[in-house]
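Note sheet for the following structure.
The values are calculated or read from the model by the stated rules, or taken from the named source; none is laboratory data. Note that the structure is a prediction, hence the values are computed from the model and not measured. Cβ coordinates were reconstructed from backbone atoms using ideal geometry, including for glycine residues, and neighbour counts include every protein chain displayed. Accessible surface areas use protein heavy atoms only, side chains included; no ligands, DNA or RNA. Shrake-Rupley method; radii C 1.70, N 1.55, O 1.52, S 1.80 Å.
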Amino acid sequence: MIRVVAVGDLMVDVAAEGKGHDARIAVVAGGSALNVACYAARLGAEAAVAGRVGDDAGGRLLLAHLAERRVRADVGIDPHAPTGTVLVVDGETRADRGANARYAPEHLPQLEAEVVLISGHLPEATVSAALARAEAPWVALDAARLTEIPAGAPVVLANEAATRRVTGCGAEEGVRQLADGRRLACVTLGGAGAVAALDGHVHRATSPGTATDADVFRAGDAFAAALLVELARGAAVPEALALACAAGADVARATTAPAALGAR
């Protein structure tokens, strides 16, 4: 069985739309590491998540969510910080990193699996330490909100916004720059699919029809989980890319406001 460890943020996602007593509010377990691990488990992988939560109701919600999905929780309890929370009100996003911002290198567990995915939402020192510690055939970094890609990331995953921020280029040229000196780079294009660069060759995959071309919360996490699980199973990049686009589209179609939680 393929083992997957997702290292990164665990968040309580709160979304609201509408006004007054006619508003709709959703509270769900989230965070990219949690989402990736749970989707990998759906794909039949032995999944684990490494992160940090507060000693509060939010943290207990996230741990219960992982347990229900049989995802191992290598999760520390921070007695001095709350569980991270994302609040989206009518499409405007606000994030309190909470315990995620205090996830330090010394908190990292052993990172040994077939796939280790590290979130760029973590503190930079922790990202670098996780990359150095990871022992896996597939070690990947989700660029998230990083402004630079640290050394030691064999695989880089990014959306269009992160690609332009890091490289100054659009997806086509950006994916080539991200892949320079690395095993693989992949840029997601929301409802338009994704591009990946491997050994100087660019591969493209279109996304099955969705209700939106936006980069929907959780769709990117499903994409990452499916891509890396399929690669670990031995799939070629074009095949893994197509299956990952289908996974992301499936999540996007199933996600409705306010649970959509905006764009990432």
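Please count how many residues of region 15-25 are open to solvent by less than 40 Å² (accessible area, probe 1.4 Å) and either under 14 Å from residue 218 (Cα atoms) or out of contact with any Pro (no Cβ under 9 Å at 6 or more places or on another chain) (or both).
1
Which residue is least open to solvent (accessible area, probe 1.4 Å), if the candidates are limited to region 150-166 and must be in contact with a Leu (Cβ under 7 Å, 6 or more places away or on another chain) and over 22 Å from residue 248 (Cβ atoms)?
Per the criteria, the residue is 150.
Look at region 107-122 and say how many of its residues are open to solvent by less than 30 Å² (accessible area, probe 1.4 Å) and either closer than 19 Å to residue 95 by Cα or assigned to a strand (DSSP E or B) (or both).
Here the count works out to 7.
Quick check on this structure: which one of 99, 95 is outside any loop (DSSP other than H, G, I, E, B) and open to solvent by 60 Å² or more (accessible area, probe 1.4 Å)?
Details: 99 fails: open to solvent by 60 Å² or more (accessible area, probe 1.4 Å).
Going through 99, 95 in turn, just one is outside any loop (DSSP other than H, G, I, E, B) and open to solvent by 60 Å² or more (accessible area, probe 1.4 Å): 95.
Name the single residue, out of those in region 189-209 being under 14 Å from residue 252 (Cβ atoms) and either assigned to a helix (DSSP H, G or I) or open to solvent by less than 40 Å² (accessible area, probe 1.4 Å) (or both), that is modelled with the highest pLDDT.
If we take residues in region 189-209 being under 14 Å from residue 252 (Cβ atoms) and either assigned to a helix (DSSP H, G or I) or open to solvent by less than 40 Å² (accessible area, probe 1.4 Å) (or both), then 194 is modelled with the highest pLDDT.
For region 26-90, which strands (runs of 3 or more DSSP E) that fit wholly inside it have 2 or more residues that are touching a helix residue (DSSP H, G or I) at 6+ places or on another chain (Cβ under 6 Å), surrounded by fewer than 24 Cβ atoms within 10 Å (Cβ to Cβ) and at negative phi?
72-78
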